[in-house]
């Protein structure tokens, strides 16, 4: 594979135009680094971004990991998955045609794809969050968390903290170029327009080929604006707007069987159709935030947001028949008509998903500080109203003009080692399915931190919410599935009506309590318990069928004991926790039960993850900063089938580990100032072995498939030219380690990015 080092003319011209005003600017002051607070302009934030957290982070009885802007920039992290991959205990699911393509996050052993929030507001659409240009930080709240972020949140919540206007004027710009056609331009300016008024503008343009891959590439651009009035006064209003557009190649990766790729496969091979596959994203968001302080002890805040996320993906999943040289498939079955050394594509091919997620959200919080006798209270009470709409058109592009399938006998075969990834057949987009969904959530909540004295605090939280969801599927005229079948009387792809809507209506109550003991001011020891409730319609785009919609909500609980300490006058933070996340009941099919004629699923499944996490972050010396985390996760299926099947002796997965959960994982990022001009950085990420399969009726006691551990390394060198400019060199995957993420066993896996070198010129004043 040829290494490319290219800057497009458009990106270069934009970079020059955006950087000219700042070439004579002084450099910014170094920012502090902190695990339990976001470092912004050299100041440590003592609380999480959400006002629902009524104590500072050191005294909050829950593990909250924060990746701040300095850490994101220092490692040149370019997407949400990049950022989360630097934290232990997080893995990513494989994209599938039926489920869609986007961020599929596994947090502490459980799916968190719908547990993403932006500034505390649910962002449940399944799409790829590809760029952090408008982010101040990413917060990962571990453990069952429905009380804070609403329905779901079994393993935790990922919160994206947006940039916002402030009263400190600054202007920054960055131009970057690197291998694999990497080119990037960003600007970030905050203008103080008058007393209490500020405007912040962000812009980004980016392109790159995926390192180590022959075909995949990403292109995007975005703008964001934040206008604030009344900053520093009793009443302020902030209006934020974000627009981003992406034109990417969706990555499905390589054929993956029995814990490894097929023999003779090059890491850069592409098994879709490169002239067809695409992922187009458009995101628009408008947020209004009004804050008013009646006095020092009584405040009100209202947040209102409208957001729309459109994504069109046309994919060709790496699925079909793989015939090896021995004329058998990797699973030992007959190849049929597929020739040895060839691949016959099948499954989702020319598969289009056109989705639109629209969100309208309103939240009002009241914050009150008061005392009852000797007890001090910091109380937040509020309510929220959420309305979401989801529209999905499923299409097939590989069709004749009349909508029939030209490949009933199968698509052309490819050579496994040298796949021909160009599609040469007919292209006629044909509707094959339409789904529409709505979700309404109304919630009231209260949180209180009760301070009894300097040593003891009690944090309490409760949330009641009414969750109402609906899913309806259109009836679409389908093409014949056999050559001898006649054409339907109506045109293929025509909508002839809608089926019966599936509805889910649930009342949910979630809560959390934590007791904090502070032996000294700079340390805390805590014990906490919380739960989460997950209805069948937990997200607007979630599946809801006749077998699941009327099933009661699933329940999960979290137990946690931990400690948090600040050292060196607050410059260095040490945290540790021991926890149990347990899904007390989740839906499983009750197969072969004659009493369950409807096929209704049952809440008989249960699973558990026990673990501990430790973290160290901050300044060891004035020159040496470190951010390190380690997690140990011990997962187990407690019951994987219905009670009926378990009583029949069919609970084959009982005692197995959960899939996609690493036992051990570790991350490190450290920087050292060699001199006032030179800084070096080093990062390492370790992911331990994960299990890909569980026992079944055909494998009662045999070995299970696993994927082994791997290390990746990063390096950074920053040179401060003067007070106006600096240069930064980043090398990602320093050793060019070959590893895989988003693994679907006996299917496909996505290769991790190969080595990439990026040089950035940064200007600021």
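How large is the helix-only mean residue ellipticity at 222 nm for the chain, computed as the sum of -39500 (n - 2.57) over DSSP H runs with n ≥ 4, divided by its residue count, in deg cm²/dmol to the nearest 500?
-1000 deg cm²/dmol
What does the extension gain come out to for residue 312 and residue 610, with contour length at 0.36 nm per residue minus their alpha carbon separation?
103.4 nm
Any idea what the relative contact order of the range 72-231 is, in percent, if you count C-alpha pairs under 8 Å spaced at least 6 apart?
Answer for the range 72-231 is 15 percent.
What ranking of 750, 304, 371 emerges when the number of other C-beta atoms within 10 Å of each C-beta is taken as an exposure proxy, fewest first?
Ordered by Cβ neighbours within 10 Å, fewest first: 371, 304, 750.
How do 644, 502 rank when sorted from fewest to most other Cβ atoms within 10 Å of their own Cβ?
644, 502
Give me 103, 448 ranked fewest to most by other Cβ atoms within 10 Å of their Cβ, as a rough exposure proxy.
448, 103
Could you sort 156-162, 212-218 so that the peptide with the highest average Cβ count within 10 Å comes first and the rest follow in order?
Top of the packing list down: 156-162, 212-218.
Using only Cα atoms, tell me the angle between helix 9-19 and the longest principal axis of the chain; keep it within 0 to 90° and round to the nearest 10.
10 degrees
Pull out a ≥ b ≥ c, the square roots of the eigenvalues of the alpha-carbon gyration tensor of the range 246-387, then state rounded if a/c is under 1.5, prolate if not and a/b is larger than b/c, and oblate in the remaining case.
It comes out prolate by the Cα gyration axes.
Is the shape of the range 183-298 best called rounded, prolate or oblate, per the rule: a/c under 1.5 gives rounded, else a/b larger than b/c gives prolate, else oblate, with a ≥ b ≥ c the square roots of the Cα gyration tensor eigenvalues?
prolate
Name the shape class, rounded, prolate or oblate, that the alpha-carbon gyration tensor gives for the range 385-472, where a ≥ b ≥ c are the square roots of its eigenvalues, rounded holds for a/c under 1.5, and otherwise prolate holds if a/b is larger than b/c and oblate otherwise.
oblate
Read-outs: derived from the displayed coordinates by stated rules, not from any lab. These numbers come from a predicted model, not from an experiment. Heads up, the Cβs are rebuilt from the backbone with ideal geometry, glycines too, and the neighbour counts pull from every protein chain shown.
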